[in-house]
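Below is one structure, written out as structure tokens, with a few remarks after it.
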Amino acid sequence: MADDIRALSAQLAQDPQSLVFLRLGEALRRKGQLEGALRVAMNGLERHPHLADAHDLYARILTDKHDYERAFDEWDMAVRIAPHHTGALKGLAFLYFKVGDLAQAEAHLEQARKVEPDDPSIDQAIAMMRKGVTPPTPEQRAAPSPPAAAAAPAAAVSSSGFDEARVFAGLEGANEGLLLIDGAGRVLGGALRDGSGADVTDRVAAYLAGVSQEAARTAKLLGLGAWNGLSAEGQHGNVHLAHPTPDALLLVVRERGMPLGRLAILAQRATTMARRWLEKQ
């Protein structure tokens, strides 16, 4: 464990924007170094305020410190960013049980079960609550898997079991300028590099977390209906955002010379491929 913490600390020092802070914060929390874990989580949240996993990590540390009120706020924020974040749903269920609101506790567990119907710990927690037994606390639950981009290269099989290299197989420029993420900011497919060739996949994914919900709210407030896509021109390139499913977001990046119309057509093809791929998983 100590070697893991040193290695993760070195990675984070080398790249402060990296999502490796999630693994480091969890390692420190499990070792009982709560103050160190708290600093790592807070620094991570400052850089990635829209990352649901960052709020989840912070909430688990706060729960270890028995700061349940702030932990509730963090888990609530995680669910606002990613409504299907099972870790946050379980955490909220635990806190509702702590204050005696069994109806809300069970409702949140039922919502988590819809997302992960094969998770036996959810059924166990519901059964324990119905018997009046306190369900497992957040610190007794296994930590969530780190985002794929923080755990392995984008061309590898991710921690969720998705074969990321096959998402856009056969599409023009499939190996660059395409990024598919879920609502929590986890990379499902594709990869991005900056102008110098450095991998920025996980950074971009973290910033995009929650964008789909914000776009939907903005479109609703403006009376535009459901949003289908968003294109933007930049000084050095053009981008297009789309959502293949309600809980996934697709980013397509191309050089400045590609017209927005052609970019939208390419994005439409990528969206269709991503949707079909997601349905098969």
Once phi is turned into ³J(HN,Hα) by the Karplus curve 6.51 cos²θ - 1.76 cosθ + 1.60 with θ = phi - 60°, what whole-Hz value does each residue of segment 20-25 show in order, with x for glycine and proline?
5, 4, 5, 6, 5, x
With the Cα gyration tensor of segment 1-132 giving a ≥ b ≥ c as the square roots of its eigenvalues, does the rule (a/c under 1.5 for rounded; else a/b larger than b/c for prolate; else oblate) give rounded, prolate or oblate?
prolate
Just report the Cα centroid separation between segment 8-56 and segment 197-275, whole Å.
27
Reach of LYS131 by Cα under 19 Å, taken over aspartates and glutamates that are not fewer than 8 positions away in the same chain:
ASP101, GLU106, GLU110, ASP123
What is the distance, in nm, between label points placed 7 Å from the Cα along the Cα-to-Cβ direction at GLU35 and at VAL115?
3.3
Over 28 Å between Cα atoms, which of LYS31/LYS90; LYS65/LYS220; LYS114/LYS280 qualify?
LYS65/LYS220
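Computed from the coordinates by the stated procedures, all read-outs in this text should not be read as laboratory data. Remember, it's a predicted structure, so these values are computed and weren't measured experimentally. Methodologically, a virtual Cβ is constructed for each residue, glycine included, from the backbone with ideal geometry; neighbour enumeration extends over all protein chains shown.
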